[in-house]
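Everything below concerns the one structure shown next.
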């Protein structure tokens with residue numbers, strides 16, 4: 001990715017971090033829920049996968065590239081892991097650091113590009129975790145996966161959780177018949193990686209794929225923006241994840257990919 005694009009992405013997230021939407025992710029209620037129940041920061045099925053491959057997080061070194069809202073960073077730290085949060089946006093990290101201090105969590109915050117991770121040491125981590133929304137900002141998926149491989153310890157795991165690519169060709173309008181707006185094979189100019197791109201890139205980087213999970217949505221936030229949800233009543237959202245009422249729910253909403261540095 002050239003410097004101009006990187007700078008634009010950094011500027012976008014520095015501004016977005018203080019938006020009403022993103023501020024809603026840092027309320028006392030949202031953070032209190034994570035403090036009380038750290039696993040609530042993850043999709044239930046992703047939490048089960050993390051527990052399957054890392055039953056005890058205490059003392060494990062975990063890196064979160066493109067850490068975003070840092071909910072997962074707080075959760076891993078509360079579980080006893082030694083956490084490094086890396087993001088291209090300084091403001092995202094600053095806002096997360098305030099919460100970490102308030103919670104008494106010792107999280108290392110590093111401003112870095114996920115496709116390079118140039119400030120992260122080789123072979124330093126037991127796990128790297130990338131969460132939903134990361135892949136749509138990654139123009140060099142091979143560079144990202146080579147970086148993930150490099151910073152993992154031998155025997156360490158990559159846990160990738162993101163939107164399922166099968167949703168990308170559709171407009172994604174809830175409670176409406178599916179409407180195709182692009183080809184599944186059109187990766188650019190919007191960054192919409194296909195499942196084969198994601199899996200093959202990890203394999204080519206040297207990671208061994210352990211498990212792929214295709215997951216349903218768990219709440220209405222998958223289907224509506226923050227502003228839209230504020231205007232919806234419970235009745236309007238009833239059955240949102242039932243494909244018989246919402247045809248788009250017949251497709252998997254999320255994917256989780258577990259790989260290992262053998």
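What follows draws every value from the coordinates through simple rules; no lab data is involved. Not measured: the values here are computed from a predicted model. Don't worry about glycine lacking a Cβ; one is built from the backbone with ideal geometry, like all the others, and counts go over all protein chains shown.
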Problem - Overall form of region 1-125 per C-alpha gyration tensor (a/c, 1.5; a/b vs b/c) - result: oblate
Handout entry: the chain: antiparallel DSSP beta bridges as a percent of all, rounded to 5
Key = 50
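Sort 128-135, 243-250 by the packing proxy (mean of other Cβ within 10 Å over each peptide's residues), most packed first.
Details: 128-135: 22.0, 243-250: 15.1.
Answer by packing, highest mean first, reads 128-135, 243-250.
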Exercise for the section: Would you compute, for the Cα atoms of region 121-211, the largest minus smallest coordinate along each principal axis and list the three values in descending order, in whole Å? Expected result: 46, 24, 20
Problem - Extent along principal axes [Cα atoms of the chain; Å; largest to smallest] - result: 48, 41, 40
Completion exercise
Rounded to whole angstroms and listed largest first, the alpha-carbon spread of region 178-262 along its three principal axes comes to 49, 28, 25
Problem - Among 32-43, 138-149, the order from most to least packed when residues are scored by Cβ within 10 Å on average - result: 138-149, 32-43
Fill in the blank from the handout: Of 174-186, 86-98, 44-56, ordering from highest average Cβ density within 10 Å down gives 86-98, 44-56, 174-186
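What fraction of the Cα pairs in region 108-164, stated in percent, has a spacing above 18 angstrom? All intermediate terms of the calculation are to be shown ahead of the outcome.
On the way: 456 of 1596 pairs.
Summing the P(r) of region 108-164 above 18 Å gives 29 percent of all pairs.
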Completion exercise
A correct Stokes-Einstein calculation for region 71-129, using the alpha-carbon Kirkwood radius, 20 °C and 1.002 mPa s, returns a whole-number D in µm² s⁻¹ of 180
